[in-house]
Amino acid sequence: MNTCLQQGQAAVAAKNLPLALACFQRALAEQPRDALANASLGQALCWDERPAEGLPFLREAGRLLLKSAQKSGNPAEALQLCDQLIYWRDFAAAADLCRKIAKNHPREARAFQLLALAELRQNHATQALHAARQAQRLLPRSALLNILLASLEAANGLRQEARQRLEAWEQEPGLSVEEYFRIHRELAALYDKQGAYDQVFPQLRAAAGLAPALPALKGMDKTLVPRRLTAQQNEIDPELLNRWRGAEFPANCPAPVFLMGFMRTGTTLTQQVLAAHGDIIVADEPDILAKTGDELHRLHPGLPRAQQLQMLTWPQVLELREYYWRNAETRFGAEIRAKRFIDKTTMNSMELDVLNVIFPDAKILFLVRDPRDVTLSCFMQIMAPTPMTVQIYNWNDAAQFYALVMQGWLKFKPLMPAASLEIRYESAVLEFENTFKQVFDFLGLTWQAQVAAFHENRSGRAINSPSFQQVTQPLYASSLGRWRHYAAEFASVAEYLQPFIDYYHY
């Protein structure tokens, strides 16, 4: 192996990313057609939150590994590269590479499996189903592939086929915890779609019972996020929040618009509508504000967040604003400053203290939805395990977490300098034009008729949200009031949800 590559890998192990980048750049300069050098530099650039720079190197590595696989007959490394492209959300490149691998290695089930995933994330449901069927034919006794195939059959309207497949595998002994968990969740969604409402919650409870044993959840501190939210709410200081209200900030460092809410409240729908406006750029779940909070911690380490904010000087506020914009430009390009930039990070409600101190001139769009529909949708949705999503794997926990987040929003709302507009999901669906005309008025933008066709031409576009499939469809009202099918289940969580049902008059 190239010495520079070895040094770069050692730097990665030592978590010294700048050194790793320098080493990988030298390695590539010495061997520009080396697949490992291209892949290493591409991966490091993506880790450094520069995917626009890193992905071309990953694609080139894929091309080189494809050629190597043709000679060796072993596509394992090329398939690993496909996995990386999917991880970094370059689904089109991943699909292209998978198709080429599958063509050269038609007995390689993993190629078809990854192709199905890449096609699905581009909202190519039919192509994804075709690929999953080919994978399952090659490995018919793979539980993982059968579960994937069933989910794609359901996505293509083949619900009875999906149901029969999953019910058969539900009885199969010896599966992994993850496989049983996924089967229960997929069956719950299918039963809901088929109107078999009495069978939904037994499946959800079975999945919830397995959740603590999921390897991804083991060792995760479930109390971390609630503790942070509670501390934030206890430390709210109106004077601190308004410290820089009315200050004049540099014109090249304006406040973004923040689009947020609770999970499953319609933030992705709103994002897609706003993104259809010609004067808007929307960042999809970038977490830039959270990283700005991390930078605040670097400036004042070892202190509670409220003290860190209290110690900020005017030059440091400007520094943090510029830090936010540098990160945004790195990810989305310099053109973001030429349009209205909207940061859609659903759970930025975790960062309201930082937001208001650093961006007191910001505008916030906050999504609201019937708390019962929100809790139900969260509990039914399959989400990747994180310190935030771990809160919704259990019915009672999901309701408590919703209440904690919304309690914080209602505490902050009357105290903060940032202007806010609440958008009701129900109004967005039932009174689309009136609702979004109010949104654009709030943003100081004119209504553009093309936003009503936001769902068109979404095929092929990646959306970083569990609802990526729904927002490629025209507006539909079937999700409104869905909680009524499960009304009896809400008695056990009424104490958490009722205050917000009453507040918003649902």
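The numbers here are math on the coordinates, done by the rules we state, and not lab data. Everything quoted here is computed from the prediction, not taken from an experiment. In this analysis, Cβ positions are derived from the backbone assuming ideal geometry, glycine residues included, and neighbour counts consider all displayed protein chains.
Computed extension length for GLN450-GLN31: 146.0 nm, one decimal, from 0.36 nm per residue of separation with the Cα-Cα distance subtracted.
The peptide list 72-82, 108-118, put in order of mean Cβ contacts within 10 Å with the highest first, becomes 108-118, 72-82.
Stretching the chain fully between ASN234 and ASP279 yields a gain of 12.3 nm (0.36 nm per residue, less the alpha carbon separation).
So what is the 222 nm mean residue ellipticity for the chain from helices alone, if each DSSP H run of at least 4 adds -39500 (n - 2.57) and you divide by all residues, rounding to the nearest 500 deg cm²/dmol? Please report the intermediate quantities before stating the final value.
On the way: 24 runs with 291 residues, N = 506.
Only helices count here, giving -18000 deg cm²/dmol.
Could you sort 494-502, 347-355, 298-306 so that the peptide with the highest average Cβ count within 10 Å comes first and the rest follow in order?
Highest-to-lowest ranking by the protection proxy: 347-355, 494-502, 298-306.
Here the calculated FRET efficiency for TYR197 and ALA22, from their Cβ-Cβ distance with R0 = 41 Å, stands at 0.10, rounded to the nearest 0.05. In this Cβ point-charge picture (+1 for Lys and Arg, -1 for Asp and Glu), the stretch 300-390 has a dipole of about 180 debye about its Cα centre. In this simple spin-label approximation, ARG227 and GLU319 carry label points 7 Å from Cα along the Cα→Cβ vector, and these lie 2.8 nm apart. Near the amide H of PHE262, within less than 5 Å, lie the amide hydrogens of LEU367, all on another chain or at least 5 residues away, with H placed in the peptide plane.
From the convex hull of the Cα coordinates of the stretch 224-503, what is the mean projected area in square nanometres?
Projected over every direction and averaged, the Cα hull of the stretch 224-503 covers 14.5 nm².
Would you mind checking the stretch 21-40 for residues with the amide N under 18 Å from a putative spin-label position 7 Å along Cα→C-beta of TRP47? Those under the cut-off are 21-29, 35-40. Please report the spacing between the Cα centers of the stretch 22-84 and the stretch 203-271 in Å, no decimals. Comparing the Cα centres of the stretch 22-84 and the stretch 203-271, I get a distance of 35 Å.
Quick check for me: using +1 on Lys/Arg Cβ and -1 on Asp/Glu Cβ, what's the dipole size of the stretch 142-289 about its Cα centre, in debye to the nearest 20? Spell out each step's value before the answer.
On the way: 14 positive and 19 negative charges, 54 e Å.
The calculated dipole for the stretch 142-289 is roughly 260 debye.
Under 23 Å of direct C-alpha separation, and excluding same-chain neighbours fewer than eight residues apart, LYS411 reaches these lysines: LYS344, LYS363.
Whole Å is fine, so just give me how far the alpha carbon centre of the stretch 127-190 lies from that of the stretch 367-390. Centre-to-centre distance over Cα atoms comes out at 23 Å. Modelled this way, with points 7 Å down the Cα-to-C-beta line, the labels at GLU422 and ARG137 are 5.4 nm from one another.
Compute, for the chain, the length of the dipole vector about the Cα centre, with Cβ point charges of +1 (Lys, Arg) and -1 (Asp, Glu) only. Units Debye, rounded to 20.
Using only the charged Cβ atoms, the result is roughly 1160 debye.
At 7 Å along the Cα-to-beta-carbon direction for both GLU178 and ASN242, put a label point, then send me their distance in nm to one decimal. In this crude label model, GLU178 to ASN242 measures out at 5.1 nm.
By the rule of a C-alpha distance below 18 Å, with chain neighbours fewer than 8 residues away ignored, the aspartates and glutamates paired with LYS67 are ASP34, GLU77, ASP83, ASP96, GLU108.
Since only ALA22, THR3, LEU36 are under comparison, the one whose Cα sits farthest along the positive direction of the charge dipole of the stretch 3-140, derived from C-beta charges on Lys, Arg, Asp and Glu, is LEU36.
Give a residue-ordered list of calculated ³J(HN,Hα) values for the stretch 154-164 (Karplus: 6.51 cos²θ - 1.76 cosθ + 1.60, θ = phi - 60°; whole Hz; x for Gly, Pro). Once rounded to whole Hz, the list reads 4, 5, 9, x, 8, 6, 5, 4, 5, 4, 4. What residue among PHE442, LEU415, ALA399 has its Cα farthest toward the positive end of the dipole of the stretch 379-460, where the charges are +1 on Lys, Arg and -1 on Asp, Glu, each on the Cβ? Checking the options against the dipole of the stretch 379-460, the answer is LEU415.
Can you compute the FRET efficiency between GLN381 and TYR87 using 1/(1 + (r/R0)^6), with r the Cβ-Cβ distance and R0 = 22 Å? Round to the nearest 0.05. Provide the component values of the computation, followed by the final result.
Numbers: r = 21 Å, r/R0 = 0.93.
Rounded to the nearest 0.05, the efficiency is 0.60.
For Cα pairs less than 8 Å apart in space and 6+ apart in sequence, what is the mean separation divided by the residue count of the chain, i.e. the relative contact order in percent?
Working: 684 pairs, mean separation 69.7, N = 506.
Across the chain, relative contact order equals 14 percent.
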